[in-house]
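The values are calculated or read from the model by the stated rules, or taken from the named source; none is laboratory data. This structure is a prediction, so every number in the text was calculated from the model and none was measured. In this analysis, Cβ positions are derived from the backbone assuming ideal geometry, glycine residues included, and neighbour counts consider all displayed protein chains. We work out accessible area using only protein heavy atoms, side chains counted, and drop any ligands, DNA or RNA first. Shrake-Rupley method; radii C 1.70, N 1.55, O 1.52, S 1.80 Å.
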Amino acid sequence: MSKTARTDGALETRGIEQVPDHERTARIRDLFPTWVGANISVLLLTMGASLVVAYHLGFWQAVVVALAAPVISYGLVGLIGIAGKRGGAPGMALSRAVFGQRGNLLPGALIWVARWGWETINAVTGAYAVLTVLDVLFGIRRNAVLDLVMLLAFVLGTFAISGLGIHALRRCNTYATYLFGVFSVLVLGYLVVHTDWSAVFDRPAGPVASVITGIGLIAAGGVSWIPSSPDFTRYLPRTASAKGIVGVTVGGAGIVVLPMVLMGAVMAVSTPGLASAADPVSFLGEILPVWLAVPYLLTALIGMLLINSMSMYSAGFTAQTLGFTVERHWAVSVNAVISLVFGGVLMLAATSFMGSFIAFLSLLAVAFSAWVGVFGADMLRRREYDGAALADTGRTSAYWYRGGFSPAAVAAWALGLAAGLMFTSSDWFTGPLAANNVVGEYGLGWVATVVISGLLYVVLPKPPVRLPAPAATPATPAAGAAGAAGAASAEPREPVAVRGS
């Protein structure tokens, strides 16, 4: 296969290996539709409704939440994305340089399992969107068999897009951005005309604690994208602007999160049941007229399809780092099957979709945040990643460290994760330190996880940071045959240690 065939065709065939410089021709502006597409979800509407119904926030407080949450969460997504342009590899492959070849299996396995739940939630929401359209247009009522058929169709569509890879995702995200923009403007216009704004603005303001909790809730969804961020920046050239990566990432996410959350908050004033619906999508068919509800639901369906495709795309890389010796597009199929099975259980058995979703989201954010703290702290001292060492999973790898583990990284990750869970409260799990403290009161267990794991990694003694060995200088004619023979027989040079613990 030629070098250009790996990236120019419809199917991306490159896996977790480092992308060579001559293939790194992406542009920073390509990230904008990527992060727009990652947020086109009706779940943001229901989360916005929760700000009004569950947290009792006023309209302007909801505005503060909708502005602050994407800046915080997608600011972190953009910052970790800088590692992608430095190392040219997916996030969980670059993570080998931090945790060690064996140590990386620990956070990798947890993040992979956490993605099962995220993909299941999105698959179920997408199936609900199709079912709602069928009900609104044709009066076809949902039943168990139809639920599973729509879920299967959604998962197959997800597998097709994620299996094709980065080029299909970019193209689909670009089209979805335009569609979402058009129909969001129409929905906003409808709400402006038909909303009782006096009821919206007359709502009393809630406590400041609820504002902070709301920011943490909305931001937790963005946190789940942080380990995936390098997956979408690894085709950027090394000279790409770090500030540009962060700015475009925050802008792409914020332009979706802000209106979606506010629309949900406004809708909840007249339809408070939106915040606690067993099926959060069907409410749109009741709130909006048919001519607007159907195209908007179809647009949202496309968005949720792309969200799941992006998640499965990253999950394929994670599976490869865990030892699945198959090509990336087949590694994706593992998560597709899992989301189909779990999605069927959720659709047939769950009684409260949003209750299950918010409980899951709080635990999901903690699972991702322990990795974020360690990896982010390591980025402060590392500027390059050795592609050969990332690919070498044996004892000869520069990232083997001690028995395949980086003790500082693994210890900081494990302790940060345990501490974060102790500060976390949800319907499924409540940590022993979740009550009677600021962190637990505000639902900021994931923030505590990032801070604790990051600080522990900073203070613990670490193995030296290693850079790739300089390329061998070609022998000159004056060196003669003896010099060439000596170079051929020489031992490979160790990567250079540039900074110790």
Pair list, Cβ < 7 Å and 6+ apart or interchain, from segment 387-398 residues that are under 11 Å from Ala97 (Cα atoms) and polar (S, T, N, Q) to residues that are open to solvent by 70 Å² or more (accessible area, probe 1.4 Å) and assigned to a helix (DSSP H, G or I): none
Any hit, segment 62-76, residues being touching a strand residue (DSSP E or B) at 6+ places or on another chain (Cβ under 8 Å) and surrounded by 24 or more Cβ atoms within 10 Å (Cβ to Cβ): no
Helices (runs of 4 or more DSSP H) wholly inside segment 171-271 that include at least 2 residues being more than 22 Å from the chain's Cα centre (by Cα) and buried (at least 18 other Cβ atoms within 10 Å of the Cβ): 208-223, 242-270
In segment 222-234, the residues that are among the hydroxyl-bearing types (Ser, Thr, Tyr) and at pLDDT 95 or above: Ser229, Thr233
Test: residue in segment 266-273 that is within 14 Å of Trp35 (Cβ to Cβ), of a type in the set (Val, Ile, Thr) and touching a residue at least 40 places away in the same chain (Cβ under 8 Å): no
Search result, residues across segment 46-60 that are surrounded by fewer than 24 Cβ atoms within 10 Å (Cβ to Cβ) and over 11 Å from Met267 (Cα atoms): Ala54, Tyr55, His56, Gly58, Phe59, Trp60
Selection status of Val133, over 20 Å from Pro90 (Cα atoms), assigned to a helix (DSSP H, G or I) and open to solvent by 40 Å² or more (accessible area, probe 1.4 Å): no
Contacts under 7 angstrom Cβ, first residue in segment 40-61 being outside any helix (DSSP H, G or I), partner charged (D, E, K, R), 6 or more apart: Gly58/Arg203
Residue check, Ala89 closer than 30 Å to Ala242 by Cβ, assigned to a helix (DSSP H, G or I) and within 20 Å of the chain's Cα centre (by Cα): no
